[in-house]
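Trainee: I have a structure here, written as structure tokens, and I will follow up with some questions on it.
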Amino acid sequence: MNTAIGRPVDRVDGHAKVTGGARYTAEISLPGLTYAAVVGARIPSGRVESVDASRALSAGGVLAVLTHENLPKIAGQPRLLPSLLGAAAPGQSFFPMQDAAVHYAGQPVALVVAESHEQAQYAASLVDVAYRREPSITAIDEGRDRVYEAQRLFGGLMPGRDERGDVGTALAEAPVRIEAGYRFAANHHNALEPPATTAVWEDGRLTLYDSTMGIRATQLTVAHLLGLPLSHVRVITHFVGGGFGSKAMTWPHVTLAAMAARHVGRPVRLALTRAQTYTSNGHREEQEQRISLGATRDGRLTAIRHHKLSITSHFDDWAEPATGVSSQLYDVEHYEGVHSLIHGNTMTPTFTRGPGETLGVFVLETAMDELAYELGVDPVELRLRNHARTDPRGNPWSSDGLAECLRLGAERFGWHGRDPRPRARRDGDWLIGTGMAAAAYPVAFFMPEQRARARVYEDGSAVVQTGTQEFGTGVLTVATQVAADALGLPLESVRFEAGDTDLPNTSAAVGSAGAGMVSAAVHAAATALRDRLVAMAVTDADSPLHGADPAAVEVADGRMRLRDRPETGETYADLMIRRRLADAEEVGSWTPPPLTTPHGLLTFGAQFAEVAVDPGLGLIRVRRMTGVFAPGRVLNPKLARSQLMGGMVWGLSQALLEGNEMDTRHGRWGASNLGEYLVPVNADIPEITVEFVEVEDDVVPLGIKGVGEIGQVGAAAAVANAVFHATGRRLRRLPLAAELVMDPPASS
Amino acid sequence: MGIDLTAEAARRRTPTVRGPSEQPVVLTVNGTHHAVALEPRVSLLDALRDRLGLTGSKKGCDQGTCGACTVWVDGRRVLACLTLAIACEGRQVTTIEGVATDGEPHPMQRAFIEHDAFQCGYCTPGQIMSAIALIEEGNAETDEDIAEFMSGNICRCAAYPGIRQAIKDVRDARERP
Ligand code: FES
Ligand code: FES
């Protein structure tokens, strides 16, 4: 049989990407194209008193300046819902330029359209906006007197509080307690391609080329905001230069591009600048977390209390949920998870790779490391001892693998025989430490039905289509593999097409759900088509397979044949030519199991890291990392490895590099470029080992749990625990400041 | 990195004031001459992408901080977003579209695919332009050199280990006779 699934094949879009042939959104050229530039508010709170666009309008090439005074009102109010749900997903319940109010710095207050990119950018600098500034709250420290407990998060999808047992009493009675508070700076996705949209109107119908993780979300959102029939909005995306959550929602600039194009009667390209991405596509919010662990002397957890405080916008109760893993990973009777919020003058924060749980797990796994020291138990052993066999409702995991990941990771990394004493190992000026953490990430399941179409031509070649999009996950490759496998065709005979809402519908590819749901839909379509052709053959008097039981027929290399008599059979091509079918086609669909499925749904893994710290200079270098993961079925180990490794690098970076501070005087981010907001470069990244633990899972689609986030979870904690081992200092603030590891210790 | 800005080079050029309106400019890109009208403020990157349709060079920041726009001018790597197109007259510009020979991908392009040295692909043309140049520059001798001299090219998808491996492969294949 064909076994395209599970093979480490090269990316099908590799050639396009290495030759520069892959087209990203801002590279679509259209006749009569014009260019838009956004003017963002310079204040975090207050009003636009006046806009003087006269200088901008008289600059060369300028076609229009849109402000709240002349931009038409939107037809439907935005409402915050995750795009995976398959409804309009505007990212925040606020649309700019509808009135004079300013809620956050960077909020669009004017839009310039001009004949060229340079003309638009220059004219944008000439738009003279006068503001009336009002007091603002842009950081947690400014809003401590206004904290409220969030009832529901995520547009009402999730409760803000999760409790069981009696955590207060259990903690009070626990023989061993660990308690600590943590502070985390805001993070920005910084996908390398800044979001861009090109809008074209034709006969009242809108085509959008959009840099998005969900073309369907763009279609639904823009249709909703502009009051258009869905059939009048088509969204196309060929390649997307990274997402990491920044393109999971349909942010205002997308609809603004459409409005601008309608206004000037020509196609408009709106590409955000790098600086604008810091205030245009959400961010991971500044936050604080507190955790308390209660345990017995023999190292059994009895209680966990896990609280998060973060800052959101004025219009949405957004918090990345941080307690989904801490409430489930370990077997604890008493649990309390609470999310508290402060309304502030930022835009609504959003999904950022490993949303919520990366920091939630950082807190949990740092505390577990402390507990291991407190008890004198090996950190790996402590996790093994406490890993829950079921979810808190008593449901078995759809698949597990945590213990295997921990054991394999310890072996590959060379964990055993480690001297746990801090500051015990040196290499010249460097203090050497090793650390580990468990990893888990919830499997998201709240998407609607997903569809795909498969077509085989009379020459035996096939096209499989679905409305997903490629932003680096390798979906084009794995979907080709799944289709080839199900159709029984060689990989080279199958072409997979995506990136167009005219194709069968799938949801935004977020929350690690993309590969699973797209593969399930593709598998359904391809299987339906194969079954149809097999059924045709067995009922065709002229077929060698006539009269055979369809269940006894398999397909390999495009030839249908009897499983136990492979010489009997015929190719798809033979059958179709004889039947005068130029092609045959089926649509297949996959619907996720109900949310009430009696299974625990987490993906598991284990992370190990070795660091070197120079306490004289405050330098921290990660020397090596090992990650072991049990993501269910791996469709393509080469690509999965890349994605998991990318996640581990994000974890390293979250620990050591990434963070943005608010300049609260101005209510603006301190950093808004890649020179000041640090992301890892080549020299920051060591060799990384990624291993898989195989687990069978028949609950999740095709057994795929996803690899988009789990690689990142636990990585920051492993690094921080290694820093503790090296230096004896706990990192309770991310990103780490050099002075925390310098000798003598900073008093904090 | 940068075009030749030495005093000698400056003297060779005639100091004429051109602009601010569109000027006729001849750009030589991948061996082909293109006559275009450009305002002097147009960057080489925007000229390539928006005027010549050569969109292989990417715009990640437009500020000289990411390396996605890396091209070669007279054989040296430069950031096209920080280079004015009009300053490239009379020079040879090479972009990712120009590194293949007779339609055959450059060995570095093949090595990037083999080692899965990218995910979204947006940094990739810039990485490859740097990677090829690194070997020419003699900056690919050691692993540390490769990591250091590739650090002007950010890959947010974090394909760094694969990028290093691809460069080592191509370097070693060249050294083998
Ligand atoms: S686009 Fe030129 S360095 Fe980023
Ligand atoms: S491949 Fe996405 S930024 Fe490098």
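Trainee: Express as a percent, rounded to the nearest 5, the fraction of DSSP beta bridges in the range A:447-590 (both residues included) that run antiparallel.
Mentor: Counting DSSP beta bridges with both partners in the range A:447-590, the antiparallel share is about 85 percent.
Trainee: In whole percent, what relative contact order does the range B:23-98 give with Cα contacts below 8 Å and a gap of six or more residues?
Mentor: Numbers: 149 pairs, mean separation 28.9, N = 76.
Once divided by the residue count of the range B:23-98, the mean separation gives 38 percent.
Trainee: So, one more: Averaging sequence separations of C-alpha pairs under 8 Å and six or more residues apart, then dividing by the length of the range A:447-590, give the relative contact order as a whole percent.
Mentor: 34 percent.
Trainee: As a check on your grasp of the helix formula, calculate [θ] at 222 nm for the protein assembly as shown: sum -39500 (n - 2.57) over DSSP H runs of n ≥ 4, divide by the residue count, round to the nearest 500. Please report the intermediate quantities before stating the final value.
Mentor: Details: 20 runs with 225 residues, N = 925.
-7500 deg cm²/dmol, from helical runs alone.
Trainee: While we're on this one: Where in the range A:477-493 does the amide nitrogen come within less than 17 Å of the point 7 Å from the Cα of residue A:562, taken along Cα to Cβ?
Mentor: none
Trainee: Please label the shape of chain A as rounded, prolate or oblate, based on the square roots a ≥ b ≥ c of the eigenvalues of the alpha-carbon gyration tensor (a/c under 1.5 means rounded; beyond that, a/b larger than b/c means prolate, else oblate).
Mentor: Oblate shape, in that a/c is at least 1.5 and b/c is the bigger or equal ratio.
Trainee: Sticking with the crude label model, points 7 Å out along Cα→Cβ, report the distance from residue A:539 to residue B:74 in nm, one decimal please.
Mentor: With each label point 7 Å from Cα toward Cβ, the separation is 7.5 nm.
Trainee: Suppose every Lys and Arg Cβ carries +1 and every Asp and Glu Cβ carries -1, with no other charges. What dipole size does the range A:447-590 come out with about its Cα centre, to the nearest 20 debye?
Mentor: 140 debye
Trainee: Place a point 7 Å from Cα of residue A:55 in the direction of its Cβ. Which residues in the range A:78-121 have their backbone N less than 14 Å from it?
Mentor: Hits in the range A:78-121 for residue A:55 at 14 Å: none.
Trainee: Sorted by accessible area with a 1.4 angstrom probe, largest first, how do A:314, A:103 fall?
Mentor: A:314, A:103
Trainee: Now, a different point. Over chain B, with the other protein chains present, what is the accessible area per residue in square angstrom, probe 1.4 angstrom? Could the numbers behind the result be given before it?
Mentor: Numbers: 7460 Å² over 177 residues.
Result: 42 Å² of accessible area for each residue.
Trainee: Answer rounded, prolate or oblate for the range A:443-557, using the Cα gyration tensor with square roots of eigenvalues a ≥ b ≥ c: rounded when a/c is under 1.5, else prolate when a/b is larger than b/c, else oblate. If you can, show how the numbers build up before the last one.
Mentor: Values: a/c = 2.52, a/b = 2.06, b/c = 1.22.
It comes out prolate by the Cα gyration axes.
Trainee: Under a crude label model (7 Å from the Cα following the beta-carbon direction), how far is residue A:390 from residue B:175 in nanometres?
Mentor: It works out to 6.0 nm between the two label points.
Trainee: Now for a different question. Along the charge dipole of chain A, Cβ charges K/R +1 and D/E -1, which of A:491, A:96, A:8 sits furthest on the positive end?
Mentor: The listed residue farthest towards the positive side: A:96.
Trainee: Using Cα centres only, tell me the gap between the range A:545-571 and the range B:110-137 in whole Å.
Mentor: Using only Cα atoms, the two centres lie 45 Å from each other.
Trainee: What whole-number distance in Å separates the alpha-carbon centres of the range A:585-638 and the range A:308-324?
Mentor: Value for the Cα centre distance between the two parts: 24 Å.
Trainee: Something else now. In sequence order, what are the phi-derived ³J(HN,Hα) couplings for the range A:570-587 according to the Karplus relation 6.51 cos²θ - 1.76 cosθ + 1.60 with θ = phi - 60°, rounded to whole Hz, with x for glycine and proline?
Mentor: Once rounded to whole Hz, the list reads 8, 7, 3, 4, 4, 4, 6, 5, 4, 8, 6, 9, 5, 7, 9, 8, 9, 9.
Trainee: Okay, moving on. About its Cα centre, how strong a charge dipole does the range A:212-342 have in debye, to the nearest 20, once Lys and Arg get +1 and Asp and Glu get -1 at the Cβ?
Mentor: On the way: 13 positive and 10 negative charges, 163 e Å.
Charge dipole of the range A:212-342: 780 debye, to the nearest 20.
Trainee: Could you pull out every whole DSSP H run in chain A that spans at least 27 Å of Cα extent along its own axis and averages 0.0 or higher on the Kyte-Doolittle scale?
Mentor: For chain A, where a helix must reach 27 Å along its axis and average at least 0.0, the hits are A:514-538, A:637-656.
Trainee: What lysines could a cross-link reach from residue B:168, if we take a straight Cα to Cα line under 22 Å and drop same-chain neighbours fewer than 8 places away?
Mentor: Leaving aside lysines fewer than 8 places away in the same chain, those within reach of residue B:168 are A:17, A:638.
Trainee: Quote the accessible area belonging to residue B:143 in square angstrom, nearest 10, computed with a 1.4 Å probe and with ligands, DNA and RNA left uncounted.
Mentor: 80 Å²
Trainee: If ligands, DNA and RNA are left out, what is the accessible area of residue A:42 with a 1.4 Å probe, given in Å² to the nearest 10?
Mentor: Counting only protein heavy atoms, residue A:42 exposes about 150 Å² to solvent.
Trainee: Continuing with this model, one more query. What's the total accessible area buried between chains A and B, using a 1.4 Å probe, rounded to the nearest 100 Å²?
Mentor: 4100 Å²
Trainee: While we're on this one: Could you compute how much accessible surface residue A:577 exposes when probed at 1.4 Å, giving the result in Å² to the nearest 10?
Mentor: 100 Å²
The values are calculated or read from the model by the stated rules, or taken from the named source; none is laboratory data. All figures in this text were calculated on a predicted structure; none of them were measured in a lab. Here the Cβ is made from the backbone with ideal geometry for all residues, glycine too, and neighbour counts use every protein chain on show. Accessible surface areas use protein heavy atoms only, side chains included; no ligands, DNA or RNA. Shrake-Rupley method; radii C 1.70, N 1.55, O 1.52, S 1.80 Å.
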